[in-house]
Structure formats: structure tokens, C-alpha cells
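Nothing in this text is a laboratory measurement; each read-out follows from the coordinates by a stated rule. Please read all numbers here as calculations on a predicted model, not as lab measurements. Cβ: placed from backbone, ideal geometry, glycine included. Neighbour counts: every protein chain shown.
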Amino acid sequence: MALLFISKIDDPGEWLPALRAARPGLDIRVWPNAGAVEEIRWAAAWNPPAGVLARLPNLEAVFSLGAGVDTMIADPGFPRHVPLVRLVDRLLTQGMTEYVLLQVLDRHRDGALFRAAQAEGVWRKQSVRPASSCRVGILGLGVLGRAAGSALMGLGFPVAGWSRGPKDVPGITCHHGPEGLTALLSRSDILVCLLPLTAETRGILARPLFDRLPRGAFLINAARGGHLVEADLLAALEDGRLAGAALDVFPKEPLAAGHPFWTHPRIIVTPHVASLTQPASAAPRIAEGIDRLERGLPLLDVVDRDRGY
Ligand code: NAP
Ligand code: GLV
């Protein structure tokens, strides 16, 4: 009975001690050194190469090392009968809340303007608006969207959110479904995307959506690059429909040298760091999942493959 750790970007040197601390005695193999494949019962994985999981005949569950599972869902070789568990973790949620607060506050308090003024050596004093004047809309009222929304609400920002099904989140105006989207957009001075990337949400951040925002709105995309139609963003910045954007994720990562986003004066680029999985807090979640399987209990946070998240 062994766990196979599969990731090209996560450090086994950090993960293995964390997994062993969470489940002492756990037999852990690090891909590509799987050993006898019939002994592998669980995988802890981030974007495994296509087909790797299909070669594990006794696999009982795959634990994602991150919250977003779009790449694994897209792998046609992913064994359909094996449950895929996405990561829901306190520090991952906190990291995203920090990122959203950072970008919302920077926009609301005119960070770009003051940095430009300092670069010119100009004392550009101007009035400061209260948080209550800046309406934030959040696409996606899941684990991350709800936490970020609640933190913003605590600072006095009027917050509304959008989800697939109806929601009731204290203090947040909740909209859902295609008909709820227009209501959310029409009152969002800052729009934050925290949706999973699915067939329904791919390309949602595009001209038809931008046109329903108040003129001069600001976009924050911390979800997936596939949500954004890049040419539409550049056009909307050009004609003033959008005032700026903070982007953490891109269709092709790393963002290519020479890409227009790098030097655009109204785009903030961060390298997919809005929230990074912390092994010390995430490993116990994986150990808990294995424990539930061993005790015959249902797994938590299992992805619905048909829904795509
Ligand atoms: P989650 O808990 O699964 O929440 C997803 C939310 O999106 C839910 O509220 C869901 O609605 C809503 N949704 C899904 N499809 C929709 C649709 N077609 N129309 C309207 N609403 C829809 O996900 P999460 O844990 O908050 O994570 C969200 C995403 O953040 C991840 O998938 C990942 O891509 C991204 N992420 C990025 C980073 C980073 O560092 N940049 C880090 C972590 C995660 P219902 O509630 O009605 O189902
Ligand atoms: C990071 O992007 C994640 O999905 O956890």
C-alpha cells in the first residue's frame, strides 16, 4: 500500500516530510520511480503527465496538490472510476484572500497613481474615497470566493458574488446563473474572477462581459488564464471600458518574453502566485483522505467530472 507523489513543480523534499508527519509510516514513492505499480493505492498529484495514472491498476483516489483540477479533468487517460479530490486547505484559502485584498486595496487606494507620482518626484495629494464607494463583484462563490468576499466585506466594501446555483452568504449579495450575471456585472467597480476553468467558464472574461461592467472597472483574474480572452482585454483597456487589470494566471505559463502584458502600463502581472499550496497544512488533508478511505468513510471535496469542478 503506497502513495505515489507526482509533480514536476512541487518539491518532494518539502512534501515527503510533511506527508510522513501527517501519516507516519506511509510508504511514499516519487514518480517516475513508482516501484511495483500494483502497490500504489493513492496518488498525490499536480498535472501528472497524460496516461501515468492509467498505468496504476489498484489506484483508489487521486489527491490534487492544488485547488484547480482543470488540467487533470482534461486528461483523457485519467481513470474515470477513480475519485479525484481537490485541495481545500486553510492556508491556500488565506493566501488567495491576501492576494485579492492586495489587488483590491491597491486599485481602490490608487497605488499605480502614487507609484507613478513617486517615480516623477511629484507630491500628488488627492482625496481618498471610502471603501463603501467601491463595489466589488466576485465570479465564483466557492471556497476561495466566499473567503475573499467576506474579508472585503469586513473592510467595508459592498460585495456581490456569482455562482452556478443559489447561495446564501451573510453580508454578500448573491447572484446565480446566466440571468444573475448581468446584475452582478452592472454594479461591479472591481471584478474578481475565482471561477474554476470548465467548458462553461472558458473565455468568460471577454468583450460581452466587459461591456456589462461600469465604464472604468478594474479586473482581477486569479483563477485560470483560460478564462480570459487576451485580445479583448487589450481592446477594453485601449478604449477605456476597463481602467486596468491585475492578472496572476495566463493561458501559457510562464508568460512569454515580449508578451504585451509585461509592459502594459495598466496591467499588473504576477507569476501564478496568488496562492501557493503549503505542504505543512495541505499534507494533513491528504492523510485525512487516506484515513477516510481506510475507514470506509466517503471522501470529502470529490470533483464532479461532469460539472468540471
Ligand atoms: P470551488 O470551491 O469549486 O468554487 C467554484 C465556484 O465557482 C462555485 O461557487 C461555483 O458555483 C462557481 N461556478 C462554477 N461554474 C460556474 C458557472 N458556470 N457559472 C457560475 N458559477 C460557477 O473553487 P475554489 O476552491 O474557490 O477555487 C476556484 C479556482 O481558483 C480554482 O478552480 C483554481 O482554478 C483557482 N485557483 C487559483 C490559484 C492561484 O494561485 N492563482 C490558487 C488556487 C485556486 P456553485 O457554488 O453553485 O457550484
Ligand atoms: C493553483 O492554481 C491551484 O489551483 O491551487
Using Cβ counts within 10 Å as a stand-in for footprinting exposure, how do Asp211, Asp70 rank, fewest first?
Asp211, Asp70
Please list, by residue number, every one of the trypsin sites (Lys or Arg not before Pro) in the stretch 69-146 that is coil in DSSP and has at most 16 other beta-carbon atoms within 10 Å.
Arg80, Arg109, Arg124, Lys125
Taking amide H atoms as placed 1.01 Å from N in the peptide plane, list the residues 5 or more away in sequence, or in a different chain, whose amide H sits under 5 Å from that of Ile268.
Ala245, Ala246, Leu247
Need the C-alpha centroid separation for the stretch 220-241 versus the stretch 126-143, integer Å.
19
Per-residue counts of other Cβ atoms within 10 Å, averaged by peptide: what ranking do you get for 31-39, 155-163, highest first?
155-163, 31-39
Where a ≥ b ≥ c are root eigenvalues of the Cα gyration tensor, a/c under 1.5 meaning rounded, otherwise prolate if a/b exceeds b/c and oblate otherwise, the stretch 164-256 counts as oblate
How large is ³J(HN,Hα), in whole Hz, for each residue of the stretch 270-276 in order, when computed from phi with the Karplus curve 6.51 cos²θ - 1.76 cosθ + 1.60 and θ = phi - 60°, using x for Gly and Pro?
10, x, 6, 10, 3, 8, 10
Taking Lys125 as the anchor, which lysines have their alpha carbon closer than 23 Å to its alpha carbon, excluding any fewer than eight residues away along the same chain?
none
If a/c stays under 1.5 just call it rounded; otherwise compare a/b with b/c (prolate if a/b is bigger, oblate if not). Do that for the stretch 1-94, with a ≥ b ≥ c from the square roots of the Cα gyration tensor eigenvalues.
oblate
Cα gyration tensor shape of the stretch 101-178, rounded if a/c is under 1.5, else prolate or oblate by comparing a/b with b/c:
prolate
For the chain, longest principal axis from Cα atoms; helix 143-154 axis from its Cα atoms; angle between them, nearest 10 degrees, is 40
Please give the helix 111-120 orientation as an angle from the longest Cα principal axis of the chain, in degrees from 0 to 90, rounded to the nearest 10.
60
For Thr277, Thr270, what's the fewest-to-most ordering of other Cβ within 10 Å of each Cβ?
Thr270, Thr277
Expressed as a whole-number percentage, the relative contact order of the chain with C-alpha contacts under 8 angstrom and at least six residues apart is 17
